[in-house]
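Inspection log for the structure reproduced underneath, given as structure tokens.
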Amino acid sequence: MTGARGIPPGTHVTAHAPCWGDFDFAPAEGRCKTGKALMATCKPLLYICHRCPYRAACIRQVRPAQSQFSGICGGRIWLDGAIVEAAPDAHPSELPPPVVRKSCGTRAGSRAHRRAAEQQCPQCEPYYQPGRNPLDDEDQEGAQQCELPYVA
Ligand code: SF4
Ligand SMILES: [Zn+2]
């Protein structure tokens, strides 16, 4: 995601990126009220990230996990800082390098890397498990809201 909106001050942006100036890559706050609405806006655009040479730089600049970003960045769709969809050729090496923590080498360490949307360190790699997709939670909430009350 490059362009004027949603980039922290001091961030380097490039007008050469294929998404330059397209505000649908970072829909304005409040425009997409649900994750599904965000997907409807962003998913048709994800192909633009295909083979973009700036994917790792894009993630480094926007820091989507830390900034709770919603939109497209680095070949991925993010919802409140979590990855909900990735381009088919997205690779973990595009994520920032891992921060080594005391919990490294455990499942908790692996989860901490995942939450920070960074690469897994070698000690945590064996413990890696994909996290829940926030869109699945939305599905469940929707299903619960649609449940009819029991009438005897
Ligand atoms: S990776 Fe996608 S969002 Fe980032 S600069 Fe490239 S086209 Fe834009
Ligand atoms: Zn680790």
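The values are calculated or read from the model by the stated rules, or taken from the named source; none is laboratory data. Keep in mind that this is a model prediction, so the values were computed, not measured. Neighbour counts are summed over all protein chains in view; Cβ atoms, including those assigned to glycine, are modelled from backbone coordinates with ideal geometry. Surface accessibility is based on the protein's heavy atoms, side chains included, excluding ligands, DNA and RNA. Shrake-Rupley method; radii C 1.70, N 1.55, O 1.52, S 1.80 Å.
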Pairs needed: first member in segment 8-33, in a loop (DSSP other than H, G, I, E, B) and of a type in the set (A, V, I, L, M); second member anywhere, at pLDDT below 80 and exposed (fewer than 15 other Cβ atoms within 10 Å of the Cβ); C-beta distance under 6 Å; at least 6 residues apart or different chains. 26/5
Just the residues that are of a type outside the set (A, V, I, L, M, F, W, C), more than 10 Å from the chain's Cα centre (by Cα) and within 22 Å of residue 112 (Cβ to Cβ), please, taken from segment 62-97. 66, 67, 91, 92, 93, 94, 96, 97
What's the number of the only condition in (1) part of a loop (DSSP other than H, G, I, E, B); (2) open to solvent by 80 Å² or more (accessible area, probe 1.4 Å); (3) among the basic types (Lys, Arg) that residue 101 fails to meet? (2)
Matching residues in segment 108-135 - criterion: being small (Gly, Ala, Ser), near ligand 2 (Cβ under 8 Å from one of its atoms) and in contact with a helix residue (DSSP H, G or I) (Cβ under 9 Å, 6 or more places away or on another chain): 109, 110
Looking at (1) outside the structural domain of residue 42 (by TED's automatic domain parsing); (2) in contact (Cβ under 8 Å) with a residue 12 or more places away in the chain, can you tell me which one residue 80 breaks? (1)
Based on what the data block shows, is residue 37 at pLDDT below 95, under 21 Å from residue 136 (Cα atoms) and not in a loop (DSSP other than H, G, I, E, B)? yes
Search result, residues across segment 104-142 that are part of a helix (DSSP H, G or I), under 17 Å from residue 74 (Cβ atoms) and free of Cβ contacts under 8 Å to residues at least 40 places away in the same chain: 113, 114
